[in-house]
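Data first, discussion second: the structure below is written as structure tokens.
Read the figures in this text as sums done on the coordinates, not as results from a lab. Bear in mind the structure is a predicted one, so any value in this text is a computation, not a measurement. Neighbour counts are summed over all protein chains in view; Cβ atoms, including those assigned to glycine, are modelled from backbone coordinates with ideal geometry.
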Amino acid sequence: MSQHQPFSGPVQVSQDGRYFTDSRGAPFFWLGDTAWPLFAEYTPEQARHYLQNRAALGYTVIQGILAWGGGTGFERPTPGPNAHGQIPWLDENPATPNPAYFENVDDLVELAANLGLVLAMLPTWGYYVNDVQTVTTENGYKYGYWLGRRYREAPNIIWVLGGDRIPTGFEGVTRQLAAGLQDGDGGTHLISYHPCGERSSAQFFHSEDWLDFNMIETWTAWSRVYPSVQTDTLLSPIKPVVLAEGAYEDGPEYPMGPITHLIVRRQAWWAFMATEDISEIDNI
């Protein structure tokens, strides 16, 4: 079982803006794993086994998507049902979330908290904003507000907008989702944006108040990890930086493959050292 204590309070940003802290003010280290379909395709037993396994391995954050219909290139026109046959939105309208669908989410949020895990939850995959435009400026606020209210008291939530997409042309939808989340949970939880490959949230939203920290996806360009993280770390205002998605192990689809065990470890180490080197500069 997990070596962690139950999560007792929301993750916050340190006073100097460089890193995350836990409810006691101690530094919180983001060691993340991605399970995009966790809330939709996993059975309760599979989800429980997965979360217990990742907690035991020392992970601290799990990234998953609430409205999921398949990964990039494999999406369905509407988000799929969960293992109980429930869909996330009634009448395919994000403004009317399906409470029955989110009962499973509730259970996983509670389980993760007891295991000491933070859930970085995406309200929707970017496909439903950019491609089929199901989430809009008209319904985005209502959906965000509903989620914020429902999970206001959850100690182990971080909100992540986007979902493997460039927001250009859809910035208003992102802002409405963020505003709804903030109004719904009273600003309790941090918010970021997950872009597509070789992009950072900083390119689109860095100076906006709702963006608490930056996320980077380097995807196949694993050699860009260090300079990408360091570039965002040098920006003003200062915000934490997370390498949210690098190149996955093996990855036969990657132009710069194959992705070996060594490359996976290098990505993690480079991301960590890029921020640490800046911290040393701060102390000079």
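Observations on the model:
- Remark: the stretch 185-193, residue by residue, has Karplus-estimated 3J(HN,Hα) of 9, x, x, 5, 10, 5, 10, 9, 9 Hz, where x stands for each Gly or Pro and the curve is 6.51 cos²θ - 1.76 cosθ + 1.60 at θ = phi - 60°.
- The calculated Kirkwood hydrodynamic radius for the stretch 110-232 is 14.8 Å, given to one decimal from all distinct C-alpha pairs.
- PHE28 long-range amide H proximity, modeled H, under 5 Å: PHE20, THR21, ASP22
- When the Cα positions of ILE157, THR43, GLN12 are compared along the charge dipole of the stretch 12-282, GLN12 comes out farthest toward the positive end, with charges on each C-beta of Lys, Arg, Asp and Glu.
- Loop-located chymotrypsin sites (Phe, Trp or Tyr not before Pro) in the stretch 178-259, at most 15 other Cβ atoms within 10 Å (DSSP): TYR248
- Seen from ARG152, the other residues with C-beta closer than 15 Å to its C-beta sum to a net charge of -3, counting Lys and Arg as +1 and Asp and Glu as -1.
- Total charge dipole magnitude, the chain, about the Cα centre, Cβ charges on Lys, Arg, Asp, Glu only, Debye to nearest 20: 180 debye
- Evaluating 6.51 cos²θ - 1.76 cosθ + 1.60 at θ = phi - 60° for every residue in the stretch 154-164, the Karplus couplings come out as 5, x, 10, 10, 10, 8, 10, 8, x, x, 6 Hz, glycine and proline recorded as x.
- When you count the other C-beta atoms within 10 angstrom of each residue and take the mean per peptide, 64-74, 264-274 line up highest first as 64-74, 264-274.
- Under 13 Å, Cβ to Cβ, from GLN176 - net charge with Lys/Arg +1 and Asp/Glu -1: -2
- For GLY162, the residues 5 or more places off, or on other chains, whose built amide H falls under 5 Å of its own are HIS194.
- Beta bridges per DSSP with both ends in the chain, % antiparallel, nearest 5: 30 percent
- With a cut-off of 13 Å between beta carbons, the residues surrounding ASN98 carry a summed charge of -3, where Lys and Arg count +1 and Asp and Glu -1.
- With only Cα atoms counted, the stretch 47-192 has Rg and Dmax values of 14.5, 42 Å.
- Vicinal HN-Hα couplings computed from phi for the stretch 50-64 (Karplus, 6.51 cos²θ - 1.76 cosθ + 1.60; Hz; Gly/Pro x): 4, 5, 4, 5, 5, 5, 5, 7, x, 5, 10, 9, 10, 9, x
- Shape call, the chain: gyration tensor on alpha carbons, a/c limit 1.5: rounded
- Cα-derived Rg to Rh of the stretch 55-118, Kirkwood definition: 1.03
- For TRP68, nonlocal amide neighbours, meaning residues 5 or more places apart or on other chains whose placed amide H falls under 5 Å from its own, are GLY80.
- DSSP bridge orientation in the stretch 1-156 - percent antiparallel, rounded to nearest 5: 40 percent
- Cα→Cβ-extended label distance, 7 Å offset, between GLN5 and GLU45, nm: 3.4 nm
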